[in-house]
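Remarks on the structure that follows.
The values are calculated or read from the model by the stated rules, or taken from the named source; none is laboratory data. Please read all numbers here as calculations on a predicted model, not as lab measurements. No Cβ is skipped: glycine too gets one built from the backbone with ideal geometry, and neighbour counts run over all protein chains shown. Accessible surface areas use protein heavy atoms only, side chains included; no ligands, DNA or RNA. Shrake-Rupley method; radii C 1.70, N 1.55, O 1.52, S 1.80 Å.
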Amino acid sequence: MLLVKTAQLQEGCILAEDVIGKSNRVIVPKNTVLTPKLLTVLQKFLVSQVRVQSVLVDGSTFRPSEIIQEDAPKPKAVDNKDILTLYLEAVQQYKQMFQGWQSGLPIDIGKVRHMFIPLFEKVLESEKELLFFHHYSTKSEYLFHHAVTVGLLSGVLAKKLQYTKGDYYQVAIAGLLSDCGMAKVDPKILYKSTALTPMEYKDMRQHTVYGYKMVQKITALQEGVKLAVLQHHERNDGSGYLLGVQEEKIHPYSKIVAVADVYHAMISERPYRNKQSPFKVFEQIHKDCFGKFDLSVVRALASLLMTLSIGARVKLSNEQIGEIIFFEQDSPNHPMVKIIETNKIISLKDKKDLFIEEIIK
């Protein structure tokens with residue numbers, strides 16, 4: 001971590017600590033990627049210095065001309081990079097591969113595994129990091145962050161569902177490659193910053209078929225992986241796309257990737273849609289599981305969120321900061337929270353007008 005003057009910051013810096021205002025309130029939470037707007041906010045609040053990561057959101061090293069303090073890195077092997085660096089590097093490597101696919105290059109599955117597996121294995125050792133990766137996703141690079149995080153979350157969910165090691169690694173790759181077919185969509189549609197027209201949306205939906213054709217002949221992939229690329233937008237009740245098949249014809253891998261895909265899409269900043277609270281997103285997925293999503297996968301996501309969120313600091317919809325201390329099994333999206341400022345414990349289950357806006361630490 002680096003302690004630097006606010007004037008030294010640049011777009012893409014990642015906060016390593018909460019920025020606290022004079023009223024002892026969090027102005028900008030830890031893990032936030034700084035944008036021009038947020039840089040202006042820090043200046044207006046007269047914040048003189050902040051702690052940031054030594055790596056930018058694009059994976060490059062941040063080396064300002066002046067550093068107040070640089071924390072000594074923890075001892076580690078040369079090839080044992082920290083999880084944030086591995087994640088940001090994986091996103092940029094996926095981006096490079098994606099641009100190659102746009103140019104007509106085939107998928108090099110060996111290269112894909114070399115990029116992704118070290119990160120996936122790191123996440124298996126520290127699953128809590130899954131709560132925070134969406135903070136680093138920017139609107140312009142959403143597609144690449146989405147692919148990597150969906151791969152990680154799909155693999156972890158498959159492990160939680162008691163899949164064998166070989167299978168949950170394959171499910172992770174399925175999640176990573178689920179949107180590879182986007183490379184064959186017209187870039188004018190792909191990178192459009194406003195909502196798609198019905199015709200553009202129809203063209204965008206073709207990415208599932210394009211992706212299937214890209215992976216169809218890769219012998220190193222199980223058939224379930226290929227079907228997940230094709231079917232991850234299908235729904236149990238037949239309301240999905242592109243084939244409109246129902247539950248019995250949807251591969252189990254596809255059902256896992258479908259939940260991971262929707263969850264990450266809704267909690268992330270996107271070109272034409274703001275991110276939503278992870279717990280509000282889960283509440284929506286839970287409502288949809290009766291008909292659209294596989295119940296066992298939704299339960300696995302609920303269990304994962306509850307397990308990883310205990311002790312996490314969260315921002316509530318009334319701007320207060322709290323710490324999650326307990327979940328009732330029948331209400332995974334309304335935990336008990338201790339308010340940091342007052343130490344008061346409240347149950348969000350009893351506060352219908354109050355909800356968790358964001359997990360911040």
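Observations
- Ratio of Rg to Rh over segment 86-152 (Cα coordinates, Kirkwood Rh, two decimals): 0.97
- Here segment 279-360 is treated as a sphere whose radius is the Kirkwood value from Cα pairs; by Stokes-Einstein at 10 °C and 1.306 mPa s it diffuses with a coefficient of 122 µm²/s.
- With all protein chains modelled, accessible area of Glu70 [1.4 Å, Å²]: 100
- Between Leu190, Ser239, Ala174, the Cα set farthest toward the positive side of the dipole of segment 156-241 (charges on each charged residue's Cβ, about the Cα centre) is that of Ala174.
- Inverse of mean 1/r across different Cα pairs in segment 215-361, Kirkwood, Å: 16.7
- Accessible-area composition of the chain, carbon plus sulfur, in percent [1.4 Å probe]: 50
- Here Arg113 sits with roughly 100 square angstrom of accessible surface, probe radius 1.4 Å.
- Rounded accessible area per residue of segment 214-361, 1.4 Å, Å²: 45
- Helical mean residue ellipticity (222 nm; -39500 (n - 2.57) per DSSP H run of 4+; nearest 500) of the chain: -13000 deg cm²/dmol
- Working ranking of peptides 139-149, 189-199 by packing, defined as the average number of other Cβ atoms within 10 Å per residue, highest first, is 139-149, 189-199.
- Rounded to the nearest 20 debye, the dipole size of segment 135-203 about its Cα centre is 160 debye, using +1 on the Cβ of Lys and Arg and -1 on the Cβ of Asp and Glu.
- Relative to the 2.2 N^0.38 Å rule of thumb, segment 13-115 has a C-alpha radius of gyration ratio of 1.37.
- Relative contact order of the chain, pairs being alpha-carbon contacts under 8 Å that are 6 or more residues apart, as %: 12
- Computed over segment 236-295, the ratio Rg/Rh where both radii use C-alpha atoms and Rh is Kirkwood: 1.00
- Within the straight-line cut-off of under 14 Å between alpha carbons, the aspartates and glutamates reachable from Lys111 are Glu89, sequence neighbours fewer than 8 places apart in one chain being disregarded.
- Cubic angstrom per residue, convex hull over Cα atoms of segment 45-165: 164
- Comparing the chain with the 2.2 N^0.38 Å rule of thumb, its C-alpha radius of gyration ratio is 1.00 (two decimals).
- In summary, the aspartates and glutamates within cross-link reach of Lys159, defined as a Cα separation below 19 angstrom excluding same-chain residues under 8 places away, comprise Glu121, Glu125, Glu127, Glu129, Asp167, Glu223, Asp261, Asp294.
- Share of pairwise Cα separations in segment 182-266, more than 19 Å, in percent: 42
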